[in-house]
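Trainee: Structure provided below as structure tokens; questions to follow.
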Amino acid sequence: MSLTDVKQEIFGDRTPSVLLNDVSLNYVTSVSRGRGLFSRETKRVVHALQPLSLVAHEGEFIGVVGRNGSGKSSLLRLIAGLETPTSGEIYASSQPTLIGVNGVLNNDLSGEENIEMGCLAMGLPPREIPEVKQRVMDLADIGDAIYRPMKTYSSGMAARLRFAIMLANSPRITLIDEALSTGDEATSKRYSDAMKELLGEAGTVFLVNHSAQTIEKMCTRAIWLDFGELVMDGDARAVARKYRWFAHLIANGEEARAAQMLKDSKAEGNLGYVEDSE
């Protein structure tokens, strides 16, 4: 059987864009115990991401949910190539682009100047920048602030501008870490439309967001992580609603019910597409 036949058997007509094969990520941290002359330092291994395998395809919008410390951002950083996995291999069909709220632009330049600088840094020809700049300004929608220095922006405004700049180059694999959580409903609609345009051009999007409702509304598939372990992978609506109920139990102090739900959800594992009966 040829390589083409093998790929066809595994993936069918869908084209894989990101593949993680048994990927894990561990950190070694130092822990100090005691004080003064009696203090001693020990090493502790933190399992940020336990061995995980998954395949993302062109045209998929994949949401990533989970409690704080579950490895969501670590997963995106691994795919982007900003972290080296402790084990396993990662393959991508093109260079992934990571967009994060904490990304830093030049605070002394105006938003408009940052757009021009960002477009040039991404390799866009100077002749295309005026048209692209207008699209970025429309997507960011921060009004006259676009002409003011970045240091006068709120964190939300800076995040929206960075998100818009990164999308100017239409990356084939886009990794978004909480950037869509800033802005009102109209802003979210523009972001959603921009994502649909990317997906329509055979792109792949990963979105980390603390709002399960956002994942349910925008994504086609969702991955639920809990302290580095894969809990569920499947239809976005089904996974998001499971996670939202789990988070509700945790918030209300129903630890035993939450633990049982987590155990049951792990047993279900890969949901595939689930038609909601509601």
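The values are calculated or read from the model by the stated rules, or taken from the named source; none is laboratory data. As the structure is a prediction and not an experimental result, all values here were calculated from the model. In this analysis, Cβ positions are derived from the backbone assuming ideal geometry, glycine residues included, and neighbour counts consider all displayed protein chains. Side chains are part of the model used for accessible areas, which takes the heavy atoms of the whole protein and leaves out ligands, DNA and RNA. Shrake-Rupley method; radii C 1.70, N 1.55, O 1.52, S 1.80 Å.
Trainee: Taking the Cα-to-Cβ direction at Glu128 and at Ser170 and moving 7 Å from each Cα, how far apart do the two end points lie in nm?
Mentor: Label-label distance for Glu128 and Ser170, simple model: 0.8 nm.
Trainee: Compute the distance in nm between two label points, each set 7 Å from the Cα along the Cα-to-Cβ direction, one at Asp193 and one at Asp22.
Mentor: Calculated label separation equals 4.7 nm.
Trainee: Next question, about the same structure. Could you work out how much longer the chain between Ala247 and Ser94 gets when fully extended? Use 0.36 nm per residue separation minus the Cα distance between them, nm to one decimal. Please report the intermediate quantities before stating the final value.
Mentor: Working: separation 153, 0.36 × 153 = 55.08 nm, distance 3.48 nm.
Using 0.36 nm per residue and subtracting the Cα-Cα distance, I get 51.6 nm.
Trainee: Turning to a different aspect of this structure: For the range 18-162, what class follows from the C-alpha gyration tensor (a ≥ b ≥ c being the square roots of its eigenvalues): rounded when a/c is under 1.5, otherwise prolate if a/b is larger than b/c, else oblate?
Mentor: It is oblate, given that a/c is not under 1.5 and a/b is not larger than b/c.
Trainee: Once you treat every alpha carbon in the range 36-81 as an equal point and sum by Debye, what is log10 I(q)/I(0) at q = 0.14 Å⁻¹?
Mentor: -0.52
Trainee: Compute, for the range 51-148, the length of the dipole vector about the Cα centre, with Cβ point charges of +1 (Lys, Arg) and -1 (Asp, Glu) only. Units Debye, rounded to 20.
Mentor: 380
Trainee: Solvent-accessible area of Ser211, probe 1.4 Å, all protein chains present, reported in Å² to the nearest ten, please.
Mentor: 40
Trainee: Name the long-range amide H neighbours of Gly63: under 5 Å, sequence gap of 5 or more, or other chain; modelled H, no Pro or chain starts.
Mentor: Under 5 Å from the amide H of Gly63 lie the amide H atoms of Leu207, Thr220, Arg221, Ala222, Ile223, each far enough along the sequence or on another chain.
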